1. Regarding region 112-191, what's the average projected area of the Cα-atom convex hull, expressed in nm²?
2. Using all alpha carbons of the chain, what is the percent of pairwise distances in each 10 Å bin, ordered from the shortest bin to the longest?
3. Rounded if a/c is under 1.5, else prolate if a/b is larger than b/c, else oblate: which is region 314-381, with a ≥ b ≥ c the root eigenvalues of its Cα gyration tensor?
4. What residues from region 165-191 fall in the zone where the backbone N is under 19 Å from a label point 7 Å along the Cα-to-C-beta line of residue 148?
5. What do you get for the angle between helix 114-128 and the principal long axis of the chain? Use alpha-carbon atoms, 0 to 90 degrees, nearest ten.
6. Take residue 32 and residue 364, extend 7 Å from each Cα along the Cα→Cβ direction, and tell me the distance between the two endpoints in nm.
7. Report the calculated FRET efficiency for residue 141 and residue 334 (r = Cβ-Cβ distance, R0 = 35 Å), to the nearest 0.05.
8. R0 = 60 Å: FRET efficiency of residue 221 with residue 100, Cβ-based, nearest 0.05?
C-alpha cells in the first residue's frame, strides 16, 4: 500500500520505518527544513546545541528496540544528580545500585532524612516490580500527591524530587500525571541517561536515514488531510491508501478533530565556557527551592563532541517560558555558581513554549489510533510525552495499518 505520513518527528519517522519494514511504500511530508520535530541539534561556533536540554533514557523499551544504540555512540551521565544548595553547598544524591561509590555520599547528603532515602529505595522497588503495562494501569494522581502518599518529606520533595522531575517532565509544580513520573523513575532505575555522541539530533537523523531517496518531503506544509488524500500548500495532493497524522498536538487538532491538550514549555540557555560549573558528566540540580533555574549541565563532560577543544558547552534550563525567565536565569546562575559565569559566552537562547504536550492525571494514554474519518494518528500526545512515547505511538499506528 501507499502510505502518507504527515510529520517527520520521531513518531512519524518510527511509523514510516515500520511501514517500510512491512513492505509498504511511504511518503513522509514535513513542514520544516529537516527531520526530527522537537529532537534536533544545531552547530553554533563549533558547539553542538540541542533544541532545548534533552536526554535519552536508554531503558526506554521501544527506543531500544527501534534505534541502533551502538551507531549513536551513546555517552552516558553519571547516575543521580549533584544538588546545589544555599551558601554554595552541594550534595550528591546518587543510585548506589548502579554506582556503589555513591552510597555513602548519598546517605550523608543533607537532602531529606534517612527515612526519605529509604523511601527512595522503596519507590525504586515499587516502580521496577511487574511489567511496564501494569505500571501504566496504576491509579493516576498528581505527581506531588504520589510523593506525599509515599511519605516523602517536604524537604526531600523540594530539594530533589521536584527539580529532578521538573527537568524531565517540565512540570515544576508536580501537577502532572503520576503514571508518567512512575514510568520515568523506572527508566532511570533500569538504564542510563545518555546523549548520542553528536547530539540528540542523531536520533532523528538515524531514523530518517532509513528512508529511501524521495520518500522525505521537507518544507512541505499540509493544509488538509482525508482518509486517502493529503493536500499541501499550493493545492498539490498526495493520494494514498492510508494517511497518518504524526504532528504535534496543536497541528493535529488543526488537521483533525482531536482536542489540543496544551503544552509545557522550557527555556534553555547554551553557553561556551572556558571554566564550567562542573567537569563531571552529571546533572546539577537547583535544590534551593528558588525558581526559575532548574538544572545546569556541562554537555562536553558527557560527550566531548559537544564543544571545540579547550572549551565547554554548558546548558542552563528552566521549565517555563514566562516573561523575564532569561534574565532571572542569568542572575540565579551567578548566585549558584559564582562570578565565573560572567565570562561564559551565550551561544543561543532556546525559548520553546511547545516543548511537551500537557498530560494531567487521568489523561487517555491509549486513545484510538484511527479516527472516525479513517485517518490514523500518532505522537507523544497519544501516549506519554517522551521519546519512547513518540516512538511507541508511531509504531502502534504502523501496526494498525498492517
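1. Averaged projected hull area, Cα only: 4.7 nm².
2. Taking all Cα pairs of the chain, the binned fractions are 5, 23, 32, 25, 12, 3, 0 percent.
3. The shape class here is prolate.
4. Within reach of a label on residue 148, which here means backbone N under 19 Å from a point 7 Å along Cα→Cβ, region 165-191 contributes 165-166, 171-182.
5. That works out to roughly 20 degrees.
6. Those two pseudo-labels are separated by 2.7 nm.
7. Calculated value: 0.40.
8. 0.65
The numbers here are math on the coordinates, done by the rules we state, and not lab data. Here the structure is a predicted model, which means the values were calculated and not measured. Please note: Cβ atoms are built from the backbone with ideal geometry, for glycine as well, and neighbour counts cover all protein chains shown.
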